[in-house]
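All remarks here apply to the structure that follows.
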Amino acid sequence: MVELLVKFEKSMGFGLALVLFAELFLFIWIDHKQWRTWYTPFNFLAIPYALVLLVTLLSAGHFGLVDFYYPSLLPWIVGLPLFLLPSVVLRRCLPKKAVSAERTDPSPSLLPKLASVISFICFFFLLVKLFLLIRDSDAVFGSEAFGFYFAGKSWSGHLAVLGMAIIVLLVPFLELPWKQYGREKVWGVIIWLVLGGWMFFLFVNQIKAWIILPVLAGCIVRGFQGRLKLRIGWVVGGFAGCVAVFFLSYLLIYYSGNTLFPEETTLIGQIRAIAGLFLHYVTSGTMGLSIDMQQGILEQPDLNYILTPFYNIWYACTGQPLVSGYNPEFVYSGINYTNVRTMFGTLYVFTNPFVFALLVLLGSVICYAIFLLAGKRWLWAKALYAWVCTVLFMAWFDTYTQLLTTYELPVYLVLLCLLVSLAERYKFAAMKVL
């Protein structure tokens with residue numbers, strides 16, 4: 001009897017997986033057909049999640065991971081059609097030629113110059129803080145503790161977010177220096193130096209997502225402008241770059257003397273342990289939701305963990321203690337502990353069904369409204385939409401709506417583009433000379 005129940009549960013689980021993958025392929029096809037581009041919010045949400053889920057299902061029960069609990073697919077089975085619904089409605093309500101998804105627009109000539117000048121000013125202050133921390137701090141350079149002291153809070157943390165916004169805006173201007181001439185070549189080299197400087201400071205900060213996501217957003221801007229074609233080689237290269245950032249980040253911790261895996265005393269052992277941790281990170285959202293739902297859902301409904309910045313603004317104005325947006329409930333995946341639940345999973349465990357549906361629909365409307373705005377000839381709109389795409393891209397990991405950076409970075413994007421527009425309009429002489 002027990003064996004029959006186990007077989008029945010497995011067959012039901014496989015059935016749920018088939019339903020979800022059928023939804024994914026059908027909805028991706030629908031969204032691509034109606035908008036005639038792959039650069040849609042639904043595709044940035046669904047395609048990375050489909051790949052991560054496939055890795056999770058193939059790895060669960062192996063390499064140290066626990067078995068997968070298939071009913072945890074239900075929040076995504078329900079959430080995907082809800083997210084697609086506003087897309088279908090908007091497409092039906094708009095004329096066929098209302099959106100030109102991949103238009104090439106003339107880039108503001110002053111943007112790289114203004115962003116570079118601002119960057120070098122920021123570099124001065126960040127270098128001063130870096131040297132002071134190296135001299136006075138007990139934390140070792142390259143460790144996570146040092147990164148927190150460097151840019152985890154205070155003014156330097158906000159400068160790091162500004163640097164992320166600058167990366168998003170400068171990546172579309174990247175050109176190979178040997179293909180440029182004269183003053184253009186000089187500025188081409190300067191742009192590479194500025195991006196390298198910001199990547200260095202973000203690397204010191206030791207938050208891997210904040211290193212990868214701005215570059216990804218900048219590449220999306222290039223693609224949305226028609227300057228970067230989707231090719232398998234680019235996708236594989238981008239994935240390899242993300243893996244390299246992950247490994248280099250932890251190897252930096254190792255060489256700083258703060259050994260993350262004390263049981264591994266050799267470099268090869270550390271690399272092997274980092275590989276296991278990489279698998280844990282890739283599957284932490286899907287496995288976190290799986291284990292959480294299998295244990296009966298450890299969290300209680302609380303919007304504080306979804307819209308944290310908005311609650312904290314109100315709490316700060318009313319003199320109440322600020323709250324953290326990080327899930328306090330950790331579950332063990334078999335490799336390490338995780339407190340992330342994927343985007344729909346986090347919405348599911350911290351809300352009731354009505355609020356879940358409302359937030360998914362509202363979020364989809366906002367995403368597609370920005371998508372339509374990005375079809376105009378405005379670089380700031382494309383950059384804003386690219387950032388939205390990166391947040392959706394990380395839905396396989398968790399929702400990023402509880403993080404202040406998610407909202408702070410778009411503000412810097414718009415302000416920088418506004419400064420460029422004002423400089424262009426009023427013929428700012430100093431920038432013209434540059």
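Annotation: amide H of residue 398 within the under-5 Å range of 342, 343, sequence separation 5 or more or interchain, hydrogens built in the peptide plane. Compactness ratio for the stretch 323-434: Cα radius of gyration over 2.2 N^0.38 Å (N = residue count) comes to 1.43. Ordered from highest to lowest accessible area with the whole protein assembly present and a 1.4 Å probe, 63, 125 read as 63, 125. In this structure residue 158 has an accessible area near 80 Å², from a 1.4 Å probe over the protein heavy atoms. Taking all protein chains together and rolling a 1.4 Å probe, residue 311 ends up with roughly 70 Å² accessible.
Here's the picture: charge each Lys and Arg Cβ at +1 and each Asp and Glu Cβ at -1 in the stretch 317-434, and of 330, 389, 350 the one pushed furthest to the positive end of that dipole is 389. For 186, 194, the ranking by accessible surface with the largest value first comes to 186, 194, using a 1.4 Å probe.
Quick check on the stretch 10-95: take the gyration tensor over C-alpha atoms, sort the square-rooted eigenvalues as a ≥ b ≥ c, and tell me if it's rounded (a/c under 1.5), prolate or oblate. Provide the component values of the computation, followed by the final result.
Details: a/c = 3.21, a/b = 2.22, b/c = 1.44.
Verdict is prolate for the stretch 10-95.
Charge tally for residue 302 (other residues, Cβ to Cβ under 15 Å; Lys, Arg +1; Asp, Glu -1): -2.
Distances longer than 17 Å among the Cα atoms of the stretch 348-393: what percent of all pairs is that?
42
Computed from backbone phi, the HN-Hα couplings of the stretch 353-360 come to x, 5, 5, 4, 4, 5, 5, 5 Hz, rounded to whole numbers (Karplus: 6.51 cos²θ - 1.76 cosθ + 1.60, θ = phi - 60°; Gly and Pro given as x). Each peptide in 408-416, 13-21 receives the mean, over its residues, of other Cβ atoms within 10 Å, and ordering these scores from highest gives 408-416, 13-21.
Applying a threshold of 24 Å to the alpha-carbon distances of 113/208; 113/382; 113/185; 33/208; 129/382; 33/382 flags 113/208; 33/208; 129/382 as lying beyond it. Placing +1 on each Lys and Arg Cβ and -1 on each Asp and Glu Cβ, with no other charges, gives the stretch 278-401 a dipole about its Cα centre of roughly 620 debye.
The values are calculated or read from the model by the stated rules, or taken from the named source; none is laboratory data. These figures come from a predicted structure and were not determined experimentally. Don't worry about glycine lacking a Cβ; one is built from the backbone with ideal geometry, like all the others, and counts go over all protein chains shown. Protein only, heavy atoms only, side chains kept; ligands, DNA and RNA dropped before computing areas. Shrake-Rupley method; radii C 1.70, N 1.55, O 1.52, S 1.80 Å.
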